[in-house]
Amino acid sequence: MVRSPALPEGRTRAEKARRTLSIFGATGSIGRSTADVVLQHRDAFDVDVVTAQSRVEELAQTAIQLGARLAVIGDATLHETLRARLAGTGIAVAAGQKAIVEAASHPVDLVVAAIVGAAGLEPTLAAIEAGADIALANKECMVCAGALFNRRAAAASVRVLPVDSEHDAIFQSLEANNLHAVERITITASGGPFRTATLDEMRRATPEQALKHPRWAMGPKISIDSATMMNKGLELIEAHHLFDIESARLDVLVHAQSIVHGFVTYADGSVIAQLGAADMRIPISHCLNWPRRVLTATPRLDLASVGTLTFEKPDLERFPALVIARAALENGDWATNILNAANEVAVAAFLEGAIGFLEIAATVEAVLDRATATVGGTVFDTVETVLALDGEGRRLAAEQIEFRGRRAL
Ligand code: NDP
Ligand code: MG
């Protein structure tokens, strides 16, 4: 049986007409789209906290625009700059990673988790602990913490509303009374900028080419993940945890147009899909306003002008990240944790020009092989263990990249 992430057992809290909201990662691609949705419905939301890592000017502007109560910058050296920029506005300021986690403990109705990478884990868990519902964009924090993330959410009776467009599509396609009759869940993939590229072209791909996504304008990390299709691998893992469905019943289908975002196949042969323009404000608006739907200024789908919808199977030879991620999912939480950590390091190395495009997946695979011998099978039930494992994945990835660099000399 499949689970609906938005309906935790024992949930009784009534929906309020006006909600308090915090945005973690407010200056990023998802953060900015969230601000846009909030600004379209100023009367529906009170913004409490907005955070960023280093884009201090953008953070200050967002805080003023949204009328936030507190702005937090992760880079502590920018504390004074932020204070000066917000002087006289009445908006409180704080700085440092600890301050971000502390701000996540503020009592609000909903926290938008839009920090990139495992760095989002501690704030998101703190928000869960404080009883906030989570609009989850930051898939890496679910991938690296696995079942622990769900246990914490269940213990706090909070909802986890999936912002990721494919998961929001599945969330919308699940019928609450027929979760037992779900046969398969399929998430679609655009195929990224190298969908039709040859292996040789991919081997020579530059960061600039890899960052150029054909459909979505996103932050650099997820853009590279989309190019390797590791993003879809992370999303398989995310779907497993969000909907409590095993790998064998989860499919990936390449759909270059990014119109059908995902679908559920039921036991009677019915297929329920969600369609929409490739605009993250659509799933964000759905999560922010759920269970209501509200008028949101987003592009409308015109299927007559689209004409034909195309689908194809992913090419697992050119996109091995999908195979590696699925194997990690089947190996358990320790493996998905290592996968995520190694991938974060490898993506950063590629963006810095230290490794080639195809070496991203190769690095992750090599790290997982090595980690099997040292930390394979590790079971974790504390955040400390999650972070220790993440640190080991990063260490092994850095070693692997250095090793590759030496071999190439
Ligand atoms: P961006 O890189 O555009 O934004 C990341 C945000 O996180 C920024 O606000 C950044 O601050 C902040 N940040 C970065 N590092 C840290 C850190 N160490 N500690 C605290 N804050 C940090 O990313 P996206 O918005 O594209 O993606 C955010 C998350 O949403 C990712 O997990 C991604 O996979 C997921 N997602 C994104 C989609 C998209 O369309 N963009 C779609 C689906 C999921 P600063 O600006 O100061 O650097
Ligand atoms: Mg997605």
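Ordering 327-340, 391-404 by mean Cβ neighbour count within 10 Å, with the highest value first, yields 327-340, 391-404.
Heavy atoms of the protein chains alone define the surface here; on that basis segment 199-243 has 39 Å² accessible area per residue at 1.4 Å probe size. For the chain, hydrophobic long helices are taken as DSSP H runs at least 20 Å long by C-alpha position along their axis with mean Kyte-Doolittle hydropathy of 0.5 or more; these are 333-351, 358-375.
Which one of Val264, Val252, Val375 has the biggest mean-square fluctuation once the chain is modelled by GNM with Cα springs under 10 Å? Ranking Val264, Val252, Val375 by mean-square fluctuation puts Val375 first.
Rounded, prolate or oblate: pick one for the chain, where a ≥ b ≥ c are the square roots of the eigenvalues of its C-alpha gyration tensor, a/c under 1.5 means rounded, and failing that, prolate if a/b is larger than b/c, else oblate. Verdict is rounded for the chain. Between the amide H of Ala135 and those of Val111, Val112, Ala113, Leu161, distances stay under 5 Å, these residues lying 5 or more places away or on another chain, with hydrogens modeled in the peptide plane. The calculated Kirkwood hydrodynamic radius for segment 251-407 is 18.7 Å, given to one decimal from all distinct C-alpha pairs. For the chain, with a Gaussian network of springs between Cα atoms less than 10 Å apart, report the residue from Ala176, Ala26, Ala17 with the top mean-square fluctuation. Looking only at Ala176, Ala26, Ala17, the biggest GNM fluctuation is shown by Ala17. Neighbours of Val182 by Cβ distance under 14 Å: Lys/Arg scored +1, Asp/Glu scored -1, total -3. Taking other residues whose beta carbon is less than 15 angstrom from the beta carbon of Thr81, and scoring Lys, Arg as +1 and Asp, Glu as -1, yields -1. Here the gap between Ser247 and Leu39, fully extended at 0.36 nm per residue and compared with their Cα-Cα distance, gives a gain of 71.0 nm. Here the sum of -39500 (n - 2.57) over DSSP H runs of 4 or more residues, divided by the residues of the chain, equals -14000 deg cm²/dmol at 222 nm, to the nearest 500. Counting protein heavy atoms only, the chain has 53 percent of its accessible area on carbon and sulfur, 1.4 angstrom probe. Dividing the convex hull volume of the alpha-carbon atoms in segment 332-403 by its residue count gives 70 Å³ per residue.
Within a Cβ distance under 11 Å of Val38, other residues only, what is the Lys/Arg minus Asp/Glu net charge? Local net charge: +1.
Protein heavy-atom accessible surface, 1.4 Å probe, per residue over segment 8-162: 38 Å².
If you find the alpha carbon centre of segment 335-409 and of segment 159-184, how far apart are they in angstrom? Segment 335-409 and segment 159-184 have Cα centres separated by 31 Å.
Take the alpha carbon gyration tensor of segment 16-87, find the square roots of its eigenvalues, order them as a ≥ b ≥ c, and report rounded if a/c is under 1.5; if not, report prolate when a/b exceeds b/c, else oblate. Judged from the Cα gyration tensor, segment 16-87 comes out prolate (a/c at least 1.5, a/b above b/c). With Cα atoms as the point set, the radius of gyration and Dmax of segment 8-162 evaluate to 14.7, 46 Å.
Remark: accessible surface ordering of Ile30, Ile185 (largest first) is Ile30, Ile185, probe radius 1.4 Å. Ranking Lys139, Lys313, Lys212, Lys16 from most to least accessible surface, computed with a 1.4 Å probe over the protein chains only, gives Lys313, Lys212, Lys16, Lys139.
The values are calculated or read from the model by the stated rules, or taken from the named source; none is laboratory data. Fair warning: this is a prediction, and the values are worked out from it, not measured in the lab. Heads up, the Cβs are rebuilt from the backbone with ideal geometry, glycines too, and the neighbour counts pull from every protein chain shown. Surface areas here come from the heavy atoms of the whole protein model, side chains and all, with no ligands, DNA or RNA. Shrake-Rupley method; radii C 1.70, N 1.55, O 1.52, S 1.80 Å.
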